[in-house]
Amino acid sequence: MTLQTRSQAPITADDLAYLARIARLDRKAFFDRHPCYRVLADRVICVALCQGAALHFLDGRNGVKDFDVWTFYAAHPGATYPPRRLISRVFGDTRPSEPLDRPEFAGRRIDLLGRSLNADVDAEPVTTLRHYLSEGPTRSACELARKAVILIEPASRLGTVVWPR
């Protein structure tokens, strides 16, 4: 299988937890490198798997080309998450000491993105994201709403379907 083809392997809860871990590691590295954004570190509303991979999690038919993982922050007057920041990782490369138990996804790109939302720090994740996706006048909100959104953090909500409703 080449990476241009979509994997039809099901996405498991363990895969979602793995993606959440990658997002946490990226956040730590980002805030360590960019102290001016550290005010956002404690303002994470949620983290979600979005777009095609999220749709595949729901329907098992879409296939997985890559993983789009978005972290959503409660807005802060002193800092806005950089909307153009996109970091890519590779599935399997981020845990070299552990055996790769998901060869179906090995080498697939994980894109890590984020947004600051006009919401409180303690905002309920599903309600907040649904509002953003349905009312958000941004290109990102419109693009994300075209497919699916699945929570991967907080851990207690792992696998919760946010979108479609």
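The values are calculated or read from the model by the stated rules, or taken from the named source; none is laboratory data. From a predicted model like this one, the values you see are computed outputs, not experimental measurements. Ideal geometry is used to build each Cβ from the backbone, glycine not excepted, and the neighbour counts take in all protein chains shown.
Of note:
- Test: residue in the range 86-102 that is crowded, with 19+ Cβ neighbours inside 10 Å, under 14 Å from the mean Cα position of the chain (by Cα) and at pLDDT 95 or above: no
- Residue in the range 17-40 that is touching a Gly at 6+ places or on another chain (Cβ under 9 Å), within 17 Å of V162 (Cα to Cα), of a type outside the set (V, I, T) and assigned to a helix (DSSP H, G or I) present: no
- Counting the residues of the range 1-20 that are farther than 19 Å from L86 by Cβ and surrounded by 14 or more Cβ atoms within 10 Å (Cβ to Cβ) gives 8.
- Filter result (surrounded by 14 or more Cβ atoms within 10 Å (Cβ to Cβ) and farther than 20 Å from P77 by Cα) within the range 26-57: D26, V47, A48, L49, C50, Q51, G52, A53, A54, L55, H56, F57
- The set of residues in the range 105-130 being surrounded by 16 or more Cβ atoms within 10 Å (Cβ to Cβ) and outside any strand (DSSP E or B) consists of F105, R108, A119, A123, P125, V126, T128, L129, R130.
- Number of the exception - R130 against (1) modelled with pLDDT under 95; (2) out of contact with any helix residue (DSSP H, G or I) (no Cβ under 7 Å at 6 or more places or on another chain): (1)
- The set of residues in the range 47-80 being at positive phi and either of a type in the set (S, T, Y) or touching a helix residue (DSSP H, G or I) at 6+ places or on another chain (Cβ under 9 Å) (or both) consists of Q51, G63.
- Residues being free of Cβ contacts under 8 Å to residues at least 40 places away in the same chain and touching a helix residue (DSSP H, G or I) at 6+ places or on another chain (Cβ under 9 Å) - total across the range 134-145: 7
- Residue in the range 31-43 that is farther than 23 Å from G60 by Cβ, at pLDDT 95 or above and in contact with a Leu (Cβ under 7 Å, 6 or more places away or on another chain) present: no
- In the range 144-165, residue farthest from D15 (Cα to Cα) [restricted to those that are touching a Cys at 6+ places or on another chain (Cβ under 9 Å) and assigned to a helix (DSSP H, G or I)]: L144
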